[in-house]
Amino acid sequence: MKKQKTWMIITILFVCIKHGSFGFRCDRRPYASTTQSQPSDGRFKLTVDGSEGTYIPDQLYIVKIAETDEESKFTGFMISAEGEIKPDPKNPRRMISLYPGELRPQNPLTAKFSDRCLYSVEHTMSSPKSSVEVYWQAPQSGNGCITLRAMVVENEDVWFEDGAPLTQILCEDMRQPDDVTPKLNYECQICDEAKYELSFTGIWSRNTHPRLYPENDWLPRYSDLVGASHAADFILWAPGSLATEGFRDFAEHANGSKLEGEIREKIGDGIRTLIKGKGHGYRRMSNPTYAFFRTDNTNHLFTVAIAIHPSPDWFLGVTRFELCQEDNTWLNERELNLYPWDAGTDSGVSYESPNFETFPQDAVTRVQMSTYDKNSPFYEMDMKDLHPFGRLHIKLIRTYHRVCDEEETETTEEAPSSTEEPTTEGSEEPSEPEEPSRYRSDLARRLGEAPIVTDPDSSEDCPMSQWQEWSPCDGKCDNGRLHGYKWRERYHLVDGIAVEKYDPDADPSTRKEVPRFCKNHYEDFERDECEDDCEPEEKDDLTPERRVMQPVAPGHAWNSKRHLSKRKHL
């Protein structure tokens with residue numbers, strides 16, 4: 001009976017130690033030593049280069065033991081990594097140790113993997129030394145705080161372990177790169193649809209990223225910007241996922257044809273809009289690229305990518321970026337700095353590395369920073385010290401009023417009424433003018449609006465109106481010249497009616513629907529760069545005047561001088 005109890009106690013102790021109830025602590029006593037460890041006297045210190053009490057997930061660090069008095073020597077050492085002890089989510093009564101990352105030797109002549117302690121390295125030769133360095137690969141995100149412990153042997157009888165100088169506790173750096181998506185809003189309840197403008201501006205150059213930048217200046221270029229607005233359950237690319245064949249071709253060769261085909265196949269099945277912008281190369285690398293896309297309360301995320309050429313399989317972009325905010329309003333504007341991602345299909349380490357297929361294919365991850373491979377452009381470089389490779393600007397330019405299903409059932413029986421108060425002449429804040437109704441041609445004629453004309457070059461299945469006239473050039477005046485943008489619109493036609501055209505008097509029950517295919521394949525908004533002569537400033541006049549407000553480009557102020565009609569004396 002006593003024997004059985006003894007074995008039971010031994011078994012319980014083994015299980016507790018194995019599963020971390022008493023913490024993960026192996027016996028790090030020096031070989032053949034019969035003495036106990038002494039408290040650290042401060043002559044030896046454990047440090048982690050590039051860390052200030054935190055670690056960036058998946059980053060490679062140098063862990064170092066060194067003397068502090070310029071004369072002390074040590075003959076042996078062991079460095080161990082320990083993860084946090086937490087209850088097992090599947091069985092709260094069972095304790096588990098989180099993964100602490102991987103320690104590995106930097107020089108096989110000075111260090112080796114320990115054969116008696118897990119996640120540890122120890123000395124190879126018992127020779128006097130003043131310092132030693134090993135690598136530590138930080139764990140992935142979500143592994144909490146990591147404890148790095150050192151044991152230092154001065155001689156057979158004197159050795160030290162633990163204590164502040166020989167212990168470092170590093171917690172995950174929760175600061176994220178600028179291109180990490182905000183929290184998803186799975187319950188988006190916005191009724192109105194939205195149109196967004198994306199502008200990508202390249203920053204990659206010999207000045208900003210000089211290390212191993214391609215020698216031929218005409219070789220570097222950005223691919224076309226390719227992406228989609230989509231629903232929450234769709235993934236075009238994401239960290240931890242495998243790149244598709246189309247995305248592989250895109251990342252390795254900067255060719256987006258296959259990727260665009262994969263996106264088109266999913267339009268209407270998780271994707272709302274194919275996003276496409278022209279890439280730039282030599283002499284135009286820093287020129288902005290523009291693209292437009294539509295969103296709604298189902299397809300309220302967007303994903304885009306821009307491949308870097310030349311590179312093994314590196315690209316820039318954002319994935320599953322949420323536009324529907326927690327207060328159920330559309331994001332108005334945001335600017336993101338972009339850093340390189342690795343598609344996991346080529347194992348090259350530099351821009352012009354020869355093709356070296358990754359087999360088996362790896363998941364999409366960040367390009368390895370803080371690497372100690374001298375053939376890498378990111379040799380000994382932290383993400384926080386890296387210049388962005390590009391910048392993405394997201395801007396809401398227009399919303400389209402849509403009636404929610406619940407509201408529609410309540411209002412179909414009722415005639416719509418205007419809630420806008422009439423604007424008093426001479427008021428300080430002019431309100432948005434009422435656009436003429438497409439159902440009231442007499443009003444259109446009275447206001448001088450041209451009737452809707454079908455574009456003869458548009459598709460029979462997706463008829464469009466002719467493009468409207470370009471808006472006046474709007475921008476900043478510099479040395480007598482105006483530099484800015486102009487825009488124009490056209491409309492989808494259903495039964496001869498311009499469906500998207502604003503009409504405050506339209507009956508919601510008779511609203512036409514544009515086929516999804518037409519919305520996704522035929523643009524109804526264009527914007528282009530422009531130049532013009534600056535208009536002379538008008539002098540103040542005491543004569544009474546009358547102002548007439550004209551429609552302005554989405555995203556521009558109503559009080560823009562470019563859109564005020566000329567003053568007329570009464």
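Subtract the Cα-Cα distance of GLN466 and ASN332 from 0.36 nm times their separation in residues, and report this length gain in nm to one decimal.
The span from GLN466 to ASN332 would gain 45.3 nm if fully extended.
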For this session: State, to one decimal in nm, how far the label point of GLU265 lies from the label point of GLN36, with both points 7 Å from Cα in the Cβ direction.
Result: 6.9 nm
Seminar exercise, completed: Plugging the Cβ-Cβ distance of LYS384 and VAL453 into 1/(1 + (r/R0)^6) at R0 = 60 Å yields, to the nearest 0.05, a FRET efficiency of 0.60
Exercise. According to a simple spin-label model (label point 7 Å from Cα along Cα-to-Cβ), what is the distance in nm between TYR186 and SER241?
Worked result: 1.7 nm
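Full extension from GLU513 to LYS73: what is 0.36 nm times the residue separation minus their Cα-Cα distance, to one decimal in nm?
Numbers: separation 440, 0.36 × 440 = 158.40 nm, distance 8.07 nm.
Residue separation times 0.36 nm, minus the Cα-Cα distance, leaves 150.3 nm.
May I have the convex hull volume per residue, in Å³, for the Cα set of segment 193-399? Don't skip to the end; give the middle numbers.
Values: hull volume 24.3 nm³, N = 207.
Given the Cα convex hull of segment 193-399, per-residue volume reads 117 Å³.
Please work out whether segment 164-234 counts as rounded, prolate or oblate from its C-alpha gyration tensor, where a ≥ b ≥ c are the square roots of the eigenvalues and a/c under 1.5 means rounded, while otherwise a/b larger than b/c means prolate and anything else oblate? Before the final figure, lay out each step's value.
Details: a/c = 3.45, a/b = 1.10, b/c = 3.13.
Oblate is the answer for segment 164-234, as a/c is 1.5 or above yet b/c matches or exceeds a/b.
Considering only segment 2-172, what is the antiparallel percent among its DSSP beta bridges, to the nearest 5?
On the way: 42 of 45 bridges.
If we restrict to bridges inside segment 2-172, about 95 percent are antiparallel.
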For this session: Answer with one residue from THR244, THR345, HIS387: the one whose Cα lies farthest towards the positive end of the charge dipole of segment 193-399, charges on Cβ with Lys, Arg +1 and Asp, Glu -1.
Result: HIS387
Seminar exercise, completed: Once phi for every residue in segment 154-171 is put through the Karplus expression 6.51 cos²θ - 1.76 cosθ + 1.60 (θ = phi - 60°), the whole-Hz ³J(HN,Hα) values, with Gly and Pro written as x, are 8, 7, 4, 9, 10, 8, 10, 8, 6, x, 3, x, 10, 9, 10, 10, 10, 10
Exercise. Assigning unit charges at the beta carbon (Lys, Arg +1; Asp, Glu -1) and nothing else, what dipole magnitude in debye, to the nearest 20, does segment 34-155 show about its Cα centre?
Worked result: 540 debye
For this session: Counting other beta carbons within 10 Å of each Cβ, put ILE263, ILE394 in order, fewest first.
Result: ILE394, ILE263
Problem set entry | Selection from THR34, THR47, CYS171, by position along the positive dipole direction of segment 2-172 (Cβ) | THR34
Exercise. Working out 0.36 nm times the residue gap between ILE96 and ARG43, then minus their Cα-Cα distance, what length gain in nm do you get to one decimal?
Worked result: 15.6 nm
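Please say if segment 2-172 is rounded, prolate or oblate, where rounded means a/c under 1.5 for a ≥ b ≥ c the square roots of the C-alpha gyration tensor eigenvalues, and otherwise the choice is prolate for a/b larger than b/c and oblate otherwise?
Values: a/c = 2.18, a/b = 1.29, b/c = 1.69.
Note, shape of segment 2-172 comes out oblate.
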Exercise. Summing +1 for each Lys or Arg and -1 for each Asp or Glu, what net charge is found among the other residues whose Cβ lies under 10 Å from the Cβ of SER141?
Worked result: -3
Exercise. Once the Cβ-Cβ distance between ARG366 and ALA164 is put in as r, and R0 is 35 Å, what FRET efficiency do you end up with, to the nearest 0.05?
Worked result: 0.60
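Apply 1/(1 + (r/R0)^6) to the Cβ-Cβ distance of ASP495 and LYS258, taking R0 = 45 Å, and write down the FRET efficiency to the nearest 0.05. Don't skip to the end; give the middle numbers.
Numbers: r = 38 Å, r/R0 = 0.84.
Computed FRET efficiency for ASP495 and LYS258 comes out at 0.75.
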Exercise. Once phi is turned into θ = phi - 60°, what whole-Hz ³J(HN,Hα) does the Karplus curve with 6.51, -1.76 and 1.60 give for every residue of segment 248-262, x standing for Gly and Pro?
Worked result: 4, 4, 5, 5, 7, 10, 6, 10, x, 4, 5, 5, 4, x, 5
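Every number here is computed from the coordinates shown, using simple stated rules; none is lab data. Here the structure is a predicted model, which means the values were calculated and not measured. FYI the Cβ positions are ideal-geometry reconstructions off the backbone, even for glycines, and counts take in every protein chain you see.
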